[in-house]
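Written below as structure tokens is the structure these notes are about.
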Amino acid sequence: MLSHKASPGAQAGQVIGLDALRFAAAGLVMLYHLACTAWLVPSSEAAGLLAAPVGFPGPLPGPLPGPLPALLPLSASGWIGVPIFFVISGFVIAYTATGATPRRFLESRALRLLPCAWFCASVTFVLALGFAPEGVAELTGRYLKTLLLFPAPRWIDGVYWTLGIEISFYAFVFALLALGRTDRLEPAVACLGLASALAWCLAATPLVSGLDVLISTRIAKLLLVTHGCEFALGVVIWAASRRGWTGRRLAVAALCLTGSLLQIGYDARFTRHSLGLDPAAWAPLAVPLGLYLGFLGLFLLSVRTNEHLLRMLGRGAPALRAIGLSTYPLYLLHTFVGVLAMRAMLALGLDPLASLAAGIAAAVLAALAVSGWIEPVLRRRLRGLIDRHLQPRDGLLGRAASTRRKPA
């Protein structure tokens with residue numbers, strides 16, 4: 001169960017392990033950009049900002065001669081943080097939608113998504129004007145598209161690609177709320193996840209050539225074909241945390257996990273190719289799969305032992321909650337803030353490892369400042385605008401979402 005009485009400082013409904021896990025997921029994505037693509041992918045935003053052909057963790061003239069850098073197997077697998085985010089999102093959104101009206105659900109998602117995205121995009125835009133190689137007109141167009149959360153690229157920073165997928169999932173859940181069918185949330189998302197898993201299972205066979213490429217397109221992502229299995233895993237874990245595991249839930253989770261692992265395998269092969277890595281030099285599939293399965297194990301353990309963890313942490317739970325809340329701005333800011341901090345440290349003569357540490361520290365501090373001081377103010381102002389101009393009404397947005405749960 002999500003309720004607890006263990007920690008007077010913790011928020012009701014807090015799953016304390018999720019705060020640590022999603023921060024770790026953001027850390028993996030940050031490591032991927034700062035300690036991998038910044039050095040290995042000249043066309044990436046991170047490499048363009050770094051503006052120096054420096055290898056990591058030391059000078060590497062040419063295309064990675066000799067043994068690979070020690071950190072590379074981990075940093076080159078940091079993209080696995082995104083599927084982890086989608087699983088967490090499935091869990092959190094299912095919890096958020098429980099008992100909510102459509103209007104309240106939209107308001108909660110808007111307040112969580114928009115203020116931080118708008119502020120971080122604005123910071124990124126200013127930094128891009130000073131350091132990115134693109135011109136003002138190009139950057140301005142990307143910035144405006146980012147403010148609108150436009151679903152198609154390009155954005156002011158490539159990390160915004162995931163927001164359109166999140167919004168697609170929100171729209172799916174909102175439709176159930178608008179129809180008054182939150183009692184069907186679990187089976188509806190399970191069907192979505194099973195369809196996604198089936199597509200990946202078919203793509204793993206020779207029956208439909210090129211299906212893996214087709215279901216990895218931007219349109220497929222927005223239709224939740226690509227990552228629907230990850231969202232469904234999160235929802236199933238949420239349902240099991242409330243009502244226990246059943247044979248049906250175990251079967252759905254197993255099938256969605258299979259689809260998710262196949263999707264991760266496709267991304268691992270694509271990433272290995274885009275990074276120009278020799279598949280014989282390391283195990284590019286084992287590392288992301290191990291990270292993902294380890295995350296799922298810790299996820300299940302944290303949900304199961306949540307009350308014990310809250311009692312054990314006591315007054316430390318709000319601090320961990322603050323770290324968890326910094327995940328979103330960390331994800332949005334780490335490329336520009338982190339890489340530019342690395343660039344400054346390299347210019348001062350620091351070695352690549354020390355520069356990487358400085359970039360990570362700068363990105364984390366910026367994220368904590370945004371989540372702790374700036375985002376709450378922006379959220380309050382947006383809430384005030386919503387309350388003044390969008391008063392609750394009966395009908396589609398105001399009717400209670402749980403009316404069909406009540407017995408006749």
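The simple Förster model, with R0 at 45 Å and r as the Cβ-Cβ distance, assigns Leu207 and Leu144 a FRET efficiency of 0.55.
Axis of helix 161-178 versus longest Cα principal axis of the chain: the two differ by about 0°, to the nearest ten degrees. Computed from label points 7 Å out along Cα-Cβ, the spacing between Ile167 and Ser43 is 2.6 nm.
Averaging sequence separations of C-alpha pairs under 8 Å and six or more residues apart, then dividing by the length of the chain, give the relative contact order as a whole percent.
Result for the chain is 30 percent.
For region 103-206, a/c is not less than 1.5, where a ≥ b ≥ c are the root eigenvalues of the C-alpha gyration tensor, and a/b does not top b/c. That puts it in the oblate class.
Helix-only estimate, please: 222 nm mean residue ellipticity of the chain, summing -39500 (n - 2.57) across DSSP H runs of length 4 or more and dividing by its residues, to the nearest 500. Before the final figure, lay out the partial values.
Working: 19 runs with 262 residues, N = 408.
After summing the helix terms and dividing by residue count, I get -20500 deg cm²/dmol.
Taking the Cα of Ala52, stepping 7 Å toward and past its beta carbon, and measuring to each backbone N in region 25-46: which are under 17 Å? Under cut-off, by backbone N: 34-42, 46. Distance between Cα centroids, region 197-211 to region 100-117: provide it in whole Å. First find each Cα centre; the distance between them is then 36 Å.
Under the simplified labelling scheme, the Thr246-Val136 pair shows an inter-label distance of 6.2 nm, with each label point 7 Å from Cα along Cα→Cβ. Computed extension length for Ala344-Ala152: 65.9 nm, one decimal, from 0.36 nm per residue of separation with the Cα-Cα distance subtracted. Taking P(r) over Cα pairs in 10 Å bins from 0, in percent as calculated from this structure, the corresponding entry among (i) 4, 20, 29, 25, 15, 6, 1; (ii) 5, 20, 32, 28, 13, 3, 0, 0; (iii) 4, 19, 22, 19, 19, 13, 4, 0 is (ii).
Read-outs: derived from the displayed coordinates by stated rules, not from any lab. Nothing here was measured: the structure is a model prediction, and the numbers come from that model. For neighbour counting, all protein chains shown are included, and Cβ atoms are generated from backbone atoms with ideal geometry for every residue, glycine included.
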